[in-house]
Amino acid sequence: MNSATVRNLLVRGMLAGLGAGVLALIAAYFLGEPSVDRAIGFEEAHAPGHEHEVEIVSRSLQSTAGLATGVLIYGIAFGGIAALAYCVALGRVGRFTPRATALLLSGCALLAVYVVPFLKYPANPPAVGNGDTISKRTILYFLMMVLSVLLAIAATILGKRLAPKLGTWYATVAAVAAFAVVIGLAFAFLPVINEVPADFPATVLWRFRLSALAMQVILWGGFGLLFGELAERMLNPKPAKAEESRAMAAAPN
C-alpha cells in the first residue's frame, strides 16, 4: 500500500472517528450524564463540609462543552490510529472486502481494547474509588488493556498458522480458546479492586457502567460502519457509467 493510499485512509479514518464521536457524544449525554449527576449528588451528600467550595469548572460546562471536546478529540485520534491499523490488517486477516475488514477490525478492537479490560476493571462514577489508589488502579487497567491487545494479536497469528493444518474453522476455535484461557488466568491472578461505598446506590453504579459500555459500542460500531463505507468507496470504486450513458444516448427514441 503506497503512501498516498495510507494518507487518504488516515484522513477518512479521522473523519469517520469524528462522525462516530458525535454518535457517542449523544449517547454519553443522554445515557451517562444522569448517572454522573446522581453520583455527584451522593458524593456531596456525604461530604457536607465541601458543599460551598467554588467550582473551577462548572458542572454545566463539564457536561456540555467539556464532554463534547473530550469525546470528539478522542474520536478523531482513535479514528486515525484505527485507520493505520486497518492499513496493516487489510488483506492479512482473510479475503474480506474493505468494508468487512473495517467492521471486523472494529469489533475485535472493541473486544480487546475495551470489553476485556472493562470486565476486570469496570468504569466507576464519581464517589466510587479511593483517591489514594488511583495510580495503582490506572496501572492495572492499562496493564490489562495491553495484555488483552497483545493476546488478541497473538491469537490472530496462532489462528493463521493453524489454518493450513486444521482448517479455518477449527483454527479460529483454537485461537479463541487460547485467548480465553490466558485472559482467564490474567483475571484470576491480577488484583481485585472493590472500592464501592457500602451505601452507594447499586442502580446508579449499574446504569453508569452500562452507559459507559454502550458509549464504546456506539463509538467503535459507528466507526466501523462509517470508515468501512468510506474505505470501500475508495478502494473498490464503482465502474464508470460512461459506456452505459453513451449507449442510452445512441439508442433511438
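For the reader, a short list of remarks on this structure follows.
- For region 162-170, 3J(HN,Hα) computed residue by residue from phi via the Karplus equation (6.51, -1.76, 1.60; θ = phi - 60°) reads 7, 4, x, 8, 9, x, 4, 4, 5 Hz, glycine and proline entered as x.
- Karplus 3J(HN,Hα) series, Hz, for region 219-224 with 6.51 cos²θ - 1.76 cosθ + 1.60 (x for Gly, Pro): 5, 6, x, x, 5, x
- Between Ser3 and Val149, the FRET efficiency from the beta-carbon distance, with R0 = 35 Å, is close to 0.85.
- Value of D in µm² per second that Stokes-Einstein yields for region 1-156, Kirkwood Rh from Cα pairs, at 37 °C (0.692 mPa s): 180
- Residue-span extension gain [Val182 to Ile139] - 0.36 nm each, minus C-alpha spacing: 13.5 nm
- Virtual spin-label span in nm between Ser60 and Lys160, 7 Å along Cα→Cβ: 5.4
- Stretched out straight at 0.36 nm per residue, the stretch from Thr203 to Val22 would grow longer than its current Cα-Cα span by 62.5 nm.
- With each label modelled as a point 7 angstrom along the Cα→C-beta vector, the Asn236-Ala77 pair spans 3.4 nm.
- Amide N of region 124-139 lying under 17 Å from the label point, which is placed 7 angstrom from the Cα of Ile40 along Cα→Cβ: 124-128
- Label-to-label distance for Trp169 and Ala100 is 1.7 nm, based on points extended 7 Å past Cα in the beta-carbon direction.
- If you sort the three axes of the alpha carbon gyration tensor as a ≥ b ≥ c, you get a/c of 1.5 or more for region 104-253 and a/b no higher than b/c, which makes it oblate.
- The HN-Hα couplings worked out from phi for region 78-88 by the Karplus form 6.51 cos²θ - 1.76 cosθ + 1.60 (θ = phi - 60°) are 5, x, x, 5, 5, 5, 5, 5, 5, 4, 6 Hz, whole numbers, x standing for Gly and Pro.
Since every read-out is calculated from the coordinates, none of them should be taken as a lab result. Not measured: the values here are computed from a predicted model. Neighbour counts run over all protein chains shown; Cβ positions are idealised from the backbone, glycine included.
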